[in-house]
Structures are given as C-alpha cells and as structure tokens.
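Read the structure below first, then the notes.
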Amino acid sequence: MADTEALLAAWSERSGGEAEAWARATPGPSLDSVAARISRVPQEFLDERVSLRALAGDILGGPIAAQGIDDDPRVRLGAGIALWLVASEGVIGPLEPALAHGRTALAVDALALRVAPVADPASWTSDDERRIEAARTFLLWCGYLPAGEDAPTAASLLAACDSLARDRALADAYEGHRHRAEIARKLDEARRREAAARYSSE
C-alpha cells in the first residue's frame, strides 16, 4: 500500500490548485443525483481484478494518474467509483448538465488520490457523509458547483466534510506539498514565458 502522504503529494502535483478549480466552477448537477449514483456503483467497478488502466481507457479514452498507483486498494477503489460516475451517464442517463468530459480524468484522480487515501472508499456507498464528500469533490474537479450553490457556499460545505482536515498532521503535510507544487508551477510558467520571449526576439 502506498504511503498516504505520497498519494496526497501526487495529487498536489496533478491538481493545478484548488483556487483555480473554484474560480472556473459553473453551476452543475445536483449533489443528490451524484451521491445517488455513488450508492449504486456496480460490482465490476469495485473488482480489484479489473485493470484500472483498461477501465480508464474504455471510459475516458486515455490514462489517469491513479493507474500508476493502482496496487493501493484505496486508489483502485476510489478511481473505480469515480469511473462509474462517468460511465453512468451512458448507463443511467446524462446528469443535468452532463459532465464536462474534458475534466473527468482530473475528477477521477481527485477521488483516487485526494479523497480515497483519507476516507476509505469502501464506506462511500453506505456512509452518507463520506458519500457527500466524494460527490462534492468529484463535482468540483469536473468544473461544477452543486446545483443551487455558489462557490463560497460550496467551498464551505466541502471543507466541513473534508476528511483530510480532521487529521491535522496529514493536513499540514498536504499543505506543504500543495505549496511546493504551486511554487513549481509558477517557476515553470516563468521559464516558459522567458523561453517564448527569447524565441520571439531571435
């Protein structure tokens, strides 16, 4: 099993920053509709014998970061449930509005690398609070606010049920990883701008 802190660090590098996610979020499906689909996840999405790489390829048409760590049962299960949410639009019917498919891979990784390491995915189908946490996180990283909520309200409600926030030591470590990832992103952007400026002046 992977180290929890290492999984959270992988998510920090993958996510692009929570502030940006809240800034781009638009009104989306109802929280209840997403939570209800989590409670109805089919067994094949939970089966550890099913290849996460193959499942992501079939549903998303490409890879996810979590598939490189799928030997961790928490990651495998969290990603499987998230992939079901994407696949459910073709099985049950589209959510309203339909998921923003350009961001669904990021939302799958959010559940697998950000939520699953601190909130056992096996409880998401039966524990109301954990299911709501998973549904809220999934919507955010798909680019949506739950229907009827503005960004400050949605952010406050997600923070209130955030399992990571309850573990102070892990939360502090995650904040350190998040901060370092943000600095690395800014340095990379500055290097790209500098290289582009040099290229255009030649």
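Side notes on the structure shown:
- Principal-axis tilt of helix 151-160 within the chain, Cα atoms, nearest 10 degrees: 60 degrees
- Per-residue Karplus couplings for region 134-141, computed as 6.51 cos²θ - 1.76 cosθ + 1.60 with θ equal to phi - 60°, are listed in order as 5, 5, 5, 5, 4, 4, 3, 7 Hz, Gly and Pro entered as x.
- For Rg and Dmax of the Cα atoms in Å, computed directly from the structure shown, the correct entry in (1) 19.4, 74; (2) 17.2, 62; (3) 18.2, 66 is (2).
- By a 1.4 Å probe calculation restricted to protein chains, GLU149 has an accessible surface near 40 Å², given to the nearest 10.
- The ALA54 and GLU13 beta-carbon pair, evaluated with R₀ = 30 Å, returns a calculated FRET efficiency of approximately 0.75.
- Only helices enter this figure: runs of n ≥ 4 DSSP H residues, each worth -39500 (n - 2.57), summed and divided by the residues of the chain, yield -19000 deg cm²/dmol at 222 nm to the nearest 500.
- Taking THR153, THR137, THR125 as the candidate residues, the one with maximal mean-square fluctuation in a Gaussian network model of the chain, Cα springs under 10 Å, is THR153.
- Here's how it looks for LEU145: its modeled amide H is under 5 Å from those of THR26, GLY28, which are all 5 or more places away or on a different chain.
- Each residue of region 81-91 was assigned a 3J(HN,Hα) from its phi angle through the Karplus expression (A = 6.51, B = -1.76, C = 1.60, θ = phi - 60°), giving 5, 5, 5, 4, 4, 5, 5, 4, 5, x, 9 Hz with x at Gly and Pro.
- Accessible surface of TRP84 - all protein chains present, 1.4 Å probe, nearest 10 Å²: 10 Å²
- Taking θ as phi - 60° and the Karplus parameters 6.51, -1.76 and 1.60, the scalar couplings of region 112-128 work out to 6, 10, 9, 8, 4, x, 10, 9, 3, x, 4, 8, 5, 6, 10, 9, 4 Hz in sequence order, x denoting glycine and proline.
- Within the listed set ALA112, ALA56, ALA160, the residue fluctuating most in the Gaussian network model of the chain (springs between alpha-carbon atoms under 10 angstrom) is ALA160.
- Between the exposed loop cleavage positions of the chain, defined as trypsin sites (Lys or Arg not before Pro) in a non-H, G, I, E, B DSSP state with at most 13 neighbouring beta-carbon atoms within 10 angstrom, the longest gap is 50-202.
- C-alpha long axis of helix 168-201 to longest principal axis of the chain, angle in °: 50 degrees
- Fraction of accessible area attributable to carbon and sulfur, region 2-48 (%, probe 1.4 Å): 47 percent
- Rounded to the nearest 20 debye, the dipole size of the chain about its Cα centre is 460 debye, using +1 on the Cβ of Lys and Arg and -1 on the Cβ of Asp and Glu.
- Accessible surface calculations at 1.4 Å, restricted to protein heavy atoms, place region 34-171 at 40 Å² per residue.
The values are calculated or read from the model by the stated rules, or taken from the named source; none is laboratory data. Because the structure is a prediction, the values reported are computed rather than measured. Note that each Cβ is placed from the backbone with ideal geometry, even for glycine, and that neighbours are counted across all protein chains shown. We work out accessible area using only protein heavy atoms, side chains counted, and drop any ligands, DNA or RNA first. Shrake-Rupley method; radii C 1.70, N 1.55, O 1.52, S 1.80 Å.
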